[in-house]
1. Using only the Cα atoms of region 58-104, what are the Rg and Dmax in Å?
2. Regarding region 13-108, what's the average projected area of the Cα-atom convex hull, expressed in nm²?
3. Given an 8 Å cut-off on Cα distances and at least 6 residues of separation, report the relative contact order of region 51-108 as a percent.
4. Need the list of lysines near LYS91 for cross-linking: C-alpha distance under 17 angstrom, and skip anything on the same chain fewer than eight residues off.
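Just so you know, all these numbers are worked out from the coordinates, no wet-lab data involved. Just so we're clear, the structure is a prediction, and the values are computed from it rather than from any experiment.
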Amino acid sequence: MFNSMLFLAQDAAPSGSSALISMLLPFALLFGLMYLMLIRPQNKKEKERRNMINNLQKNDHVITSGGMFGIVSNIKDDEITLKVDEDSNVKIRVSKNAIVGVIKKANS
């Protein structure tokens, strides 16, 4: 009788590899869910932002991360010159990374 109980207990215990899989499966599912909900949309948004910055042209109306509105007057490697006041011809230089949005394209 004792031997038959021992065999039943051994059959119920999971083997080493299946225990590892059943323990790692929730973590893999959680990582997959995080990737789909957080990482992938953020990468897509960053790609769109890089594309917007690379397609800037002279006379585009833009807004900076500091909230300044301006018109692109010159584009260099990593900086942009914005005209912020047309009457007195005031210009500022900002980093390309400071541009957060294009309000109106030059040819629109």
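1. Rg and Dmax of region 58-104, Cα atoms, are 9.5, 28 Å.
2. Numbers: hull surface 36.9 nm².
If you wrap the Cα atoms of region 13-108 in a convex hull and average its projections, you get 9.2 nm².
3. On the way: 108 pairs, mean separation 22.1, N = 58.
Relative contact order for region 51-108 comes out at 38 percent.
4. Answer for LYS91, where 17 Å is the Cα cut-off: LYS58, LYS76, LYS83, listed by chain and number.
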